[in-house]
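I have placed the structure first, in the form of structure tokens, so that the comments after it can refer back to it.
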Amino acid sequence: MRGLGTLVNVATVLVGTAIGVLGGRFVPERVRATVLSAVGLLVLALGVDNALATHNFVFPLVSLVVGAVVGELLSLEERLEGLGRRLQGRREGRREASSFVEGFVSASLVFCVGPLTILGSISDGLGRGAEELIVKAALDGLVALVLASTLGIGVGFSALVVLVVQGGLTLFAGAVEDVLSGRMVDEMTATGGVMLLGIGLRLLEVRAVRVASLLPGLVVAPVLVSLFAR
């Protein structure tokens, strides 16, 4: 069944968030902060590993530069944050509102930029099975638990973004089954890997990289391969 992996992923994010929100109050703040840092370090490591999937770093470089220009012109970062504020749906203190939006934005990016999102959704869309997305679902559930224990219920609303992004990629893969090549997928994966580095820096509070504005680079990468790679 095509799309099954995405549905399972949405469910694990919701369950992980519920456990994190309900159980997070019993965990000391220093423990939650340290665990969140561990997740940030893991995201950095995954980003480096995935960025090395490229055959030529010119492709992710150009993809990210063009993607950044397009993303900033479209104000994607602001739109994603605005969506988080609208999903919050009520007036709260400034600190709580900020935590909700940060949880929604960070979780949405962590869950939707990685290579398993790309590879798993494409595999599912091509009818090759949802095994990769099932593995991703298990990992996302754990990360949702950790993030929600610190950032709150906003993490759970990222399930909507997971549904739209992964579902869209699955439908897209099914529609262009005869067009995508292995090289295109590799360069998309490498471009996403660099974005993961930005997400890791955000989670570690090193620098608030505007990763959402880089997302168009995932579309630019396969186009560049079709034009300049054989």
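The values are calculated or read from the model by the stated rules, or taken from the named source; none is laboratory data. Computed from a predicted structure; not experimentally measured. Ideal geometry is used to build each Cβ from the backbone, glycine not excepted, and the neighbour counts take in all protein chains shown.
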> Has the stretch 170-185 got any residue that is of a type in the set (D, E, K, R) and either touching a strand residue (DSSP E or B) at 6+ places or on another chain (Cβ under 6 Å) or modelled with pLDDT of 90 or more (or both)?
Replying inline: yes
>> As an exercise: evaluate Leu44 against (1) in a helix (DSSP H, G or I); (2) touching a residue at least 40 places away in the same chain (Cβ under 8 Å); (3) under 16 Å from Val155 (Cβ atoms) and give the number of the one condition it does not meet.
In response: (3)
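Report whether or not Val135 is surrounded by 24 or more Cβ atoms within 10 Å (Cβ to Cβ) and in contact (Cβ under 8 Å) with a residue 12 or more places away in the chain.
Considered against the rule, which asks whether it is surrounded by 24 or more Cβ atoms within 10 Å (Cβ to Cβ) and in contact (Cβ under 8 Å) with a residue 12 or more places away in the chain, Val135 comes out as no.
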> Got a sec? Which of Arg90, Arg86, Arg32, Arg94 is modelled with pLDDT under 90 and surrounded by 13 or more Cβ atoms within 10 Å (Cβ to Cβ)?
Replying inline: Arg32
> When you scan the stretch 166-177, how many residues do you find that are under 19 Å from Phe104 (Cα atoms) and surrounded by 21 or more Cβ atoms within 10 Å (Cβ to Cβ)?
Replying inline: 1
>> Name the residue that is surrounded by the fewest Cβ atoms within 10 Å (Cβ to Cβ), counting only residues in the stretch 178-208 that are touching a helix residue (DSSP H, G or I) at 6+ places or on another chain (Cβ under 6 Å) and of a type in the set (Ser, Thr, Tyr).
In response: Thr189
>> Restricting to the stretch 118-132, count the residues that are crowded, with 20+ Cβ neighbours inside 10 Å and modelled with pLDDT under 80.
In response: 4
> Checking Val206 against (1) among the β-branched types (Val, Ile, Thr); (2) in a loop (DSSP other than H, G, I, E, B); (3) more than 20 Å from Leu46 (Cα to Cα), which test does it fail?
Replying inline: (3)
> Within the set of pairs 6+ apart or on separate chains, which have a first residue in the stretch 13-40 that is more than 26 Å from Leu133 (Cα to Cα), a second that is of a type in the set (Gly, Ala, Ser) and modelled with pLDDT of 85 or more, and C-beta atoms under 7 Å apart?
Replying inline: Gly23/Ser149; Gly24/Ala148; Gly24/Ser149; Val27/Ser149; Arg32/Ser149
> at pLDDT 85 or above and of a type in the set (D, E, K, R) - does that describe any residue in the stretch 102-117?
Replying inline: no
>> Just to be sure I understand, how many residues within the stretch 47-83 are assigned to a helix (DSSP H, G or I), at pLDDT below 95 and of a type in the set (Ser, Thr, Tyr)?
In response: 0
> Pick from Leu160, Leu139: which is assigned to a helix (DSSP H, G or I), under 21 Å from Ile199 (Cα atoms) and at pLDDT below 85?
Replying inline: Leu139
> Of the residues that make up the stretch 171-191, is at least one in a helix (DSSP H, G or I), under 24 Å from Val27 (Cα atoms) and touching a Leu at 6+ places or on another chain (Cβ under 7 Å)?
Replying inline: no
